[in-house]
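Below: one structure, written as structure tokens.
The values are calculated or read from the model by the stated rules, or taken from the named source; none is laboratory data. The structure presented is a predicted model; accordingly, all values stated were derived computationally and were not measured. As a convention, Cβ positions derive from the backbone with ideal geometry for all residues, glycine included, and neighbour counts pool all protein chains shown.
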Amino acid sequence: MLRISEWNSQVVAGDDTYQTTAYDMRLRLVLSDKRVAWLLSAILLGVSVLVAFLTKSTYDSGDSIHHYLFAKSVLQHPENLLDSWAKPVFTLLAALPAQSGFLGMKLYQCVVVAVSAQSAYVVARRLRLPWPALAVLFCYGAPDYFRIQYSGLTEPTFGLLLIGAVALAVTNRPVWSAALLSFLPFARSEGAMFLAIWMVYLVWGRHWRALPFLLLGYVVYSFVGGLMLGDFTWIFTKNPYGFHSQYGHGLWSRFVENLPTLLGWPILLFSIVGGLRMLWRATRPAEWRQPSFRAELLLIYGSIVAFIFIQSAFWALGLFGSFGMTRVLTVLTPLFAVAALGGLAWLSQLGRTARTRNLIATAGVAAVVFLLFTHDINYWAESGINVGGRSTLHWRRDFQPAPDMVLADRGANWLKRYNTGYRWHPVAYTHPYFAVPMDVDMFDSTASPPLTRDWAPYLDGVPMGTYVYWDSWFCPVEAHLPLDMLQKDGRFKQLWRDSIPVDASRPTGDQFRAVLFEKVKADK
């Protein structure tokens, strides 16, 4: 808003001898935190949408495409809405945008991130943190969170439900907070752990009426599943994750060492300071009597620590299908934005005057923005992890199509030229993206016969005349199908092969390979 700060007048004589009065009015632009937050959100959403139209990136070429295809195929396969792996809440929300293609999916994710950033602002404001609008900037300033907007992954939606539940809690809506959080396990399976955190919070605050609403999501989806699938216990009986992971296990430090990639160094350092601030506040008995302190301690810092610990444990112990995918940490970005703001606010207290404190905050914001577009500050840890790798944004590295997708496009284009009647042939593949250029329904087992059964290669089930697309990542890892198994099988004829560097900056380095076969002989 515009506010008049000074208004002075002075009588002067003009050249025409008529008396005139000159007015000197000085205007000062005054913006509330709310207006700044909305302005930042609008500008940054606009930038995100522009990038969505320009980028060819899908963040990754596996789950990102797979989730997109689940959502896009809902009209033909409504059972996708209750697929546990695809995550029912995500599939429901993304189904309509996905009908516009992958661009529609990216625009949906941009809106999700924008609403999440606004929710982080609401939380920061209710916690009475200074400069709460900066929570919006910190969300967009986290490099991996910005990149994941252009995917078909479930993490942004999960993060929205999480920060939304926190926002409802700190604005004294515990029932709505519990109800929203109850659907979190249906956006990602790890959501179940947050039910325990919210239960402690609600009991601590004596919000007894809100407790039953933590089960709302399970009640709703159990009922819907009972009607559609004939099984009211489908949530448990159709769980796609076994106790022991088929992907093995790794180091406890993997997720912690990837935090710089998630947040960038400045936001990570501010978040650590924010954690120290909470520990210092916890030493003061009076703080524990404040509802806002309990909410911040449990719902923000408690959620961050618990989620990182659980993910680390799953990977280190090889449990519940964990593949050590550090991208799952992006669900915490809005919470980290609030924590980082708390850390920056604490650092600003080093200044003795309001002007000095504002300068410290300005320097912190400048560091977040400037370092986001510089070269990575990274080092190789003893664990072999590139700590700080991809902790910045680079157009050629982060916003171009993945090499294996480029290779899949080549293979599809070659096959279409090789046989213009390709649509009459089944197409078998494990790489989910191959379904996109071939325009084949991956949920139709006649059009897309599976290459595996019970976690083992199953070539006998592939009909004669089927084109088989073998790739050097998904086929060996997901289908356990080595290339030589197809090459040595006389029923399959090799038609085409090609390769592409995994890293375009190292053309002589590791190669991603793909081979097309046709099944030309029937099973004996």
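Would you be able to say whether some residue in region 383-393 is over 23 Å from the mean Cα position of the chain (by Cα), closer than 23 Å to Ser116 by Cα and assigned by TED's automatic domain parsing to the domain that holds Ala120?
No, every residue in region 383-393 fails to be over 23 Å from the mean Cα position of the chain (by Cα), closer than 23 Å to Ser116 by Cα and assigned by TED's automatic domain parsing to the domain that holds Ala120.
State yes or no: is Gln311 of a type in the set (S, T, N, Q), modelled with pLDDT under 95, under 30 Å from Val200 (Cβ atoms) and out of contact with any helix residue (DSSP H, G or I) (no Cβ under 7 Å at 6 or more places or on another chain)?
Spelling it out, it is not the case that Gln311 is of a type in the set (S, T, N, Q), modelled with pLDDT under 95, under 30 Å from Val200 (Cβ atoms) and out of contact with any helix residue (DSSP H, G or I) (no Cβ under 7 Å at 6 or more places or on another chain).
Please determine, by comparing only the residues of region 427-453 that are of a type in the set (Gly, Ala, Ser) and in contact (Cβ under 8 Å) with a residue 12 or more places away in the chain, which one is surrounded by the fewest Cβ atoms within 10 Å (Cβ to Cβ).
Ala447
Considering only residues that are within 12 Å of the chain's Cα centre (by Cα) and surrounded by fewer than 24 Cβ atoms within 10 Å (Cβ to Cβ), which ones fall in region 119-147?
Correct list: Phe146, Arg147.
Kindly establish whether Leu153 is outside any helix (DSSP H, G or I), buried (at least 19 other Cβ atoms within 10 Å of the Cβ) and in contact (Cβ under 8 Å) with a residue 40 or more places away in the chain.
Taking the combined requirement at face value, the residue satisfies it.
Select, from Gly191, Gly225, Gly205, Gly230, the only residue that is more than 26 Å from the chain's Cα centre (by Cα) and without any contact (Cβ under 8 Å) to a residue 40 or more places away in the chain.
So the residue among Gly191, Gly225, Gly205, Gly230 that is more than 26 Å from the chain's Cα centre (by Cα) and without any contact (Cβ under 8 Å) to a residue 40 or more places away in the chain is Gly230.
Cβ-Cβ under 7 Å, sequence separation 6+ or interchain: first residue in region 454-470 and without any contact (Cβ under 8 Å) to a residue 12 or more places away in the chain, partner buried (at least 16 other Cβ atoms within 10 Å of the Cβ) and in a loop (DSSP other than H, G, I, E, B). Which pairs?
Tyr458/Leu451
So Leu350 ticks every box in (1) assigned to a helix (DSSP H, G or I); (2) among the hydrophobic types (A, V, I, L, M, F, W, C); (3) touching a Lys or Arg at 6+ places or on another chain (Cβ under 9 Å) but one. Which box is left unticked?
Checking Leu350 against (1) assigned to a helix (DSSP H, G or I); (2) among the hydrophobic types (A, V, I, L, M, F, W, C); (3) touching a Lys or Arg at 6+ places or on another chain (Cβ under 9 Å), the one that fails is (1).
Is one or more of the residues making up region 399-407 surrounded by fewer than 17 Cβ atoms within 10 Å (Cβ to Cβ), modelled with pLDDT under 90 and of a type in the set (S, T, N, Q)?
Among the residues of region 399-407, not one is surrounded by fewer than 17 Cβ atoms within 10 Å (Cβ to Cβ), modelled with pLDDT under 90 and of a type in the set (S, T, N, Q), which makes the answer no.
All but one of (1) in a helix (DSSP H, G or I); (2) among the small types (Gly, Ala, Ser); (3) in contact with a strand residue (DSSP E or B) (Cβ under 6 Å, 6 or more places away or on another chain) hold for Ser499, so report the exception by its number.
The one condition Ser499 does not meet is (1).
Looking at region 258-266, can you tell me whether even one residue there is of a type in the set (Gly, Ala, Ser), loosely packed, with under 13 Cβ neighbours inside 10 Å, in a loop (DSSP other than H, G, I, E, B) and assigned by TED's automatic domain parsing to the domain that holds Ile385?
no
Which of the following residues is among the β-branched types (Val, Ile, Thr), farther than 26 Å from His67 by Cβ and not assigned by TED's automatic domain parsing to the domain that holds Asp63: Thr420, Thr430, Thr466?
Answer to the selection: Thr420.
Being crowded, with 21+ Cβ neighbours inside 10 Å, assigned to a helix (DSSP H, G or I) and either in contact (Cβ under 8 Å) with a residue 40 or more places away in the chain or out of contact with any Asp or Glu (no Cβ under 6 Å at 6 or more places or on another chain) (or both) narrows it down to one residue among Val338, Val273; which is it?
So the residue among Val338, Val273 that is crowded, with 21+ Cβ neighbours inside 10 Å, assigned to a helix (DSSP H, G or I) and either in contact (Cβ under 8 Å) with a residue 40 or more places away in the chain or out of contact with any Asp or Glu (no Cβ under 6 Å at 6 or more places or on another chain) (or both) is Val338.
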